[in-house]
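S.K.: Please find one structure pasted underneath; my questions will follow.
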Amino acid sequence: SPRMAAINAAINYKPAGPPLNFAETPTQDLFCANVFSKAEMKKRLPKPIFKGLIQTIEAGEKLDPNVADVVASAMKDWAIEKGATHYSHVFYPLTGGTAEKHDSFMAPAGDGTALTEFGGKELIQGEPDGSSFPTGGIRLTHEARGYTIWDVTSAAYILENPNGTTLCIPTAFVSWTGEALDKKTPVLRSMQALNQQAQRITKLFGYDEDAFIASTAGPEQEYFLIDRNFFFARPDLLNAGRTLFGAAPPKGQEFDDHYFGAIPERVLACMLEVERELIKLGVPIKTRHNEVAPGQYEIAPIFETANIATDHQQLCMLMLKRVAAKYGMECLTHEKPFAGVNGSGKHVNWSLGSSAHGNLLDPGDTPHDNAKFLVFCAAVLRAVHRHQGLLRAVVASAGNDHRLGANEAPPAIISVFLGDQLTDVFEQIKAGGAKSSRARGTLEVGVDTLPPFPKDAGDRNRTSPFAFTGNRFEFRAVGSNFSIAGPLVAMNTIVAESLDYCATKLEKATGGDSSKLNSAVQELLAEIMGECEPIIFNGNGYSDEWHAEAEKRGLRNLKATPDALEALLEPGVRELFSKYHVLNERELESRYETYVEQYCLTVKVEANLTKKIARTMIFPAAIRYQNELASTCANLKMLGYEFDTDTLDKVTELVKGLQDGTAALAKVTKGGCEDIRGCYEEVLPAMLNVRKYADELEAIVSDDLWPLPTYQEMLFIK
Ligand code: ADP
Ligand code: MG
């Protein structure tokens, strides 16, 4: 059977090639080897051109079109030296994936010879026929064009393939009307909005003419690796990325023996190559370890500015899948590939800073730094408190619904973990209020030195969706299969709004007189703390008590995607995005529509798979076994023996349940799966009902007849 063949193949895995040799090519020498980096540009570009380009990259200044031709030519030469035959504008559609269309450098000269061609025009703008990407109504398929536009701030790179390499140019994807059709454009816009407002705050603290204040992101990626033979023997994994059937294995993760355990050899070999390939692409990979579930791992880079981190994260997912295949494994990035086993998330560490300030969420050692830190920190609290709904919406998907709130990942309720010490500081500020603070013996910002904050916030709280971790916030509710663009756009924009609020208040209170800043800050912080206290929760987010408590505090609990996505259309969110020019109404609506559609399509595919697997794989196996039992029974009876029909009765009952369940599922999906509530309320439960019978059958039916690789095999054979 295919299952037995898969087990055999998995057991007999042999590495395809020789091991990597790190002594020959040390990792540090490979960093950015395949990137058209600043260093490479400096070598190849005339000085004024290079300078102009750096101004654009670092200070966000407009690109001089004359620069483009020169840069294109140097880029092409570099790429061709590296063996590139094609170039590609890489873009990031709303599906959350990465899209690429390749064009050859070669251009016939007309006389039977050929040249290479790649000018500024080709570098700056492309026009892929991206008409089949979801755009939520911004662009109808029969009208208008979509353009890809060079993102100067994200370096071009070379993607190697055994049979040739391609020059990849990160781009934004917009409609002819200039509306964002992608995930990159809003990231860039939100970074600008954040910079503008953050500058107003730092100005109050005496910094004029500041360097660009950028949001920074360090995404930790969790994933599963399983032998590819199992993957191909499971139509559900192949098509939906998760198992729609599968009884709990006799041994799961209960021993906690996998987390941070020794990494299996084949897995480590694969990781080393993933990391090496990413290092060549300039992705600063730092950390690897086993995760909680058997077969689950994590990879994390050093943080970078939000836009670059986002592009690099996409590369990271791509490379994980690509290299895993080379090692005979499949990398599963679905949020919940296996029921009853921990799912995967992406922890997005977020902060903001600049070359002048360093990290603005670092408490620092001096009172002055403390005050600045407290304003930024309070702004984040206020932002999260006001926009719980939006933060919940940007982590909503059919896949992540299986994980959030399942006692392994944060609940669907958004709250902030501050840690005891910082909570105490804020509470004292709140209690002290502005002027009387000294008299009451509480902290006065900017005058008294705050207790030194430990860099490591001490106790970790894994149950919080949004945690302060010493010098950054960690957004933990993001799904493993997500682009981090959405969560970053939300973070950048809500914090921009909050900083705008703070700056306006402080500017008013000081009226340009910096001696009034301390008391103004004190007053502002006290006010924010009074308003936002309910969002702070340092306890166990998994507990039932928290759900009750959160309700009392008036926090939102948007349990699943159909509710969560609605938040995108609320007036506060519409105003937020249009005010800071991150997404206009149409762009925002298009996102809502696209994500609703994605949800429905996902459920539809899963429902189709459930029916198909139940009918064509599980039902046949079950009746074969039923037949074996029945004929054994008949034969024994003929010979005058007794036969206990318990098992036969059970199998017969379950087969009936499976058939009825499949029929019921077919009925609820008959009209298609177009209505998101219907998908959630009817289709998903009907699928679970089919699964219930199938999983029970798996525990009874003769092992040699069972068609699907089991959880035990997928998770433990490596
Ligand atoms: P843990 O698993 O303990 O949370 P990791 O070391 O796996 O920690 O990941 C922490 C992530 O946070 C890394 O990607 C790190 O670069 C990132 N990080 C650290 N400082 C910042 C910052 N200022 N802004 C954004 N991300 C940061
Ligand atoms: Mg973390």
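The values are calculated or read from the model by the stated rules, or taken from the named source; none is laboratory data. Worth saying up front: this structure is predicted, and the values here are computed from it rather than measured. Ideal geometry is used to build each Cβ from the backbone, glycine not excepted, and the neighbour counts take in all protein chains shown.
S.K.: Only one of (1) more than 18 Å from N342 (Cα to Cα); (2) within 12 Å of ligand 1 (Cβ to nearest atom) is not met by E265, so which one is it?
M.R.: Result: E265 fails condition (2) only.
S.K.: Would you check which residues across the stretch 437-470 are more than 21 Å from the chain's Cα centre (by Cα) and modelled with pLDDT of 85 or more and list them?
M.R.: Across the stretch 437-470, the qualifying residue is only G470.
S.K.: Related question: Filtering the stretch 619-644 down to residues that are touching a Ser or Thr at 6+ places or on another chain (Cβ under 9 Å) and of a type outside the set (F, W, Y), which residue is surrounded by the most Cβ atoms within 10 Å (Cβ to Cβ)?
M.R.: Step one: list which residues in the stretch 619-644 are touching a Ser or Thr at 6+ places or on another chain (Cβ under 9 Å), which gives 619, 621, 624-626, 628-630, 633, 643.
Next, only the ones that are of a type outside the set (F, W, Y) stay: 621, 624, 626, 628-630, 633.
Working: A621: 20, R624: 13, Q626: 19, E628: 15, L629: 22, A630: 16, C633: 17.
The qualifying residue surrounded by the most Cβ atoms within 10 Å (Cβ to Cβ) is L629.
S.K.: So, one more: Against the condition of a type in the set (G, A, S), more than 16 Å from ligand 2 (Cβ to nearest atom) and buried (at least 23 other Cβ atoms within 10 Å of the Cβ), how does A379 come out, does it pass? So that I can check it myself, show each step before the final result.
M.R.: Working: of a type in the set (G, A, S): yes; more than 16 Å from ligand 2 (Cβ to nearest atom): yes; buried (at least 23 other Cβ atoms within 10 Å of the Cβ): yes.
So A379 fits the description; yes.
S.K.: Looking for whichever is touching a residue at least 60 places away in the same chain (Cβ under 8 Å), in the same structural domain as K203 (by TED's automatic domain parsing) and either surrounded by fewer than 22 Cβ atoms within 10 Å (Cβ to Cβ) or not charged (D, E, K, R) (or both) here; the options are A431, A398. Which one fits?
M.R.: A398
S.K.: Here are some conditions: (1) crowded, with 17+ Cβ neighbours inside 10 Å; (2) away from ligand 2 (no atom under 16 Å from the Cβ); (3) over 30 Å from I57 (Cβ atoms); (4) of a type in the set (A, V, I, L, M, F, W, C). V292 meets all but one. Which one does it not meet?
M.R.: (2)
S.K.: Then there is this: State all residues of the stretch 276-302 that are within 15 Å of ligand 1 (Cβ to nearest atom), part of a loop (DSSP other than H, G, I, E, B) and at pLDDT below 95; if no residue qualifies, say none.
M.R.: Within the stretch 276-302, E291, V292 qualify.
S.K.: Six or more apart or on different chains, Cβ atoms under 6 Å: show the pairs whose first residue is in the stretch 220-235 and over 19 Å from E265 (Cα atoms) and within 16 Å of ligand 2 (Cβ to nearest atom) and whose second is of a type in the set (V, I, T) and at pLDDT 95 or above.
M.R.: Matching pairs, first to second residue: Q221/I299.
S.K.: Condition first: part of a helix (DSSP H, G or I) and within 16 Å of F338 (Cα to Cα). Now tell me which residues in the stretch 697-708 satisfy that.
M.R.: Of the residues in the stretch 697-708, the ones part of a helix (DSSP H, G or I) are 697-698, 703-705.
Correct list: E698 only.
S.K.: Follow-up. Only one of these conditions is not met by K42: (1) surrounded by fewer than 18 Cβ atoms within 10 Å (Cβ to Cβ); (2) outside the structural domain of H102 (by TED's automatic domain parsing). Which number is it?
M.R.: Of (1) surrounded by fewer than 18 Cβ atoms within 10 Å (Cβ to Cβ); (2) outside the structural domain of H102 (by TED's automatic domain parsing), only one is false for K42: (2).
S.K.: Sticking with this structure for a sec: How many of the residues making up the stretch 535-566 are of a type outside the set (S, T, N, Q) and either within 14 Å of F417 (Cβ to Cβ) or outside the structural domain of Y501 (by TED's automatic domain parsing) (or both)?
M.R.: Going through the stretch 535-566 one residue at a time, the tally reaches 9.
S.K.: Scan the stretch 532-553 and tell me whether some residue there is surrounded by 23 or more Cβ atoms within 10 Å (Cβ to Cβ), among the aliphatic types (A, V, I, L, M), in contact with a Phe, Trp or Tyr (Cβ under 8 Å, 6 or more places away or on another chain) and within 30 Å of P219 (Cβ to Cβ).
M.R.: Taking every residue of the stretch 532-553 in turn, none turns out to be surrounded by 23 or more Cβ atoms within 10 Å (Cβ to Cβ), among the aliphatic types (A, V, I, L, M), in contact with a Phe, Trp or Tyr (Cβ under 8 Å, 6 or more places away or on another chain) and within 30 Å of P219 (Cβ to Cβ).
S.K.: Next up: Considering only the stretch 148-252, give the strands (runs of 3 or more DSSP E) lying wholly within it that have at least 3 residues that are within 16 Å of ligand 1 (Cβ to nearest atom).
M.R.: Here the list reads 214-227.
S.K.: Looking at the stretch 342-349, can you tell me whether even one residue there is over 22 Å from G17 (Cβ atoms), surrounded by fewer than 23 Cβ atoms within 10 Å (Cβ to Cβ), within 15 Å of ligand 1 (Cβ to nearest atom) and at pLDDT 95 or above?
M.R.: Narrowing the stretch 342-349 to residues over 22 Å from G17 (Cβ atoms): 342-349.
Filter once more, so that each one left must be surrounded by fewer than 23 Cβ atoms within 10 Å (Cβ to Cβ): 347, 349.
Pick out the ones that are also within 15 Å of ligand 1 (Cβ to nearest atom) and you get 347, 349.
Narrowing further to those that are at pLDDT 95 or above: 347, 349.
The answer is yes; a qualifying residue exists.
S.K.: Name every residue in the stretch 527-582 that is of a type in the set (S, T, N, Q) and farther than 19 Å from H387 by Cβ, in order of residue number.
M.R.: N538, N540, S543
S.K.: Separate question: Out of all the residues in the stretch 313-327, is one or more β-branched (V, I, T) and near ligand 1 (Cβ under 9 Å from one of its atoms)?
M.R.: First, the residues of the stretch 313-327 that are β-branched (V, I, T): 323.
From the residues that got through so far, the ones that are near ligand 1 (Cβ under 9 Å from one of its atoms) too are none.
Checked against the condition, which is being β-branched (V, I, T) and near ligand 1 (Cβ under 9 Å from one of its atoms), the stretch 313-327 yields no hits at all.
Each row is one residue, and each column tells you yes or no for (1) of a type outside the set (G, A, S); (2) part of a helix (DSSP H, G or I); (3) surrounded by 22 or more Cβ atoms within 10 Å (Cβ to Cβ).
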| residue | (1), (2), (3) |
| --- | --- |
| V478 | yes, no, yes |
| G512 | no, no, no |
| S519 | no, yes, no |
| L555 | yes, no, no |
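S.K.: Can you find even one residue in the stretch 350-366 that is within 16 Å of ligand 1 (Cβ to nearest atom) and either part of a helix (DSSP H, G or I) or of a type in the set (D, E) (or both)?
M.R.: Yes, the conditions are met somewhere in the stretch 350-366.
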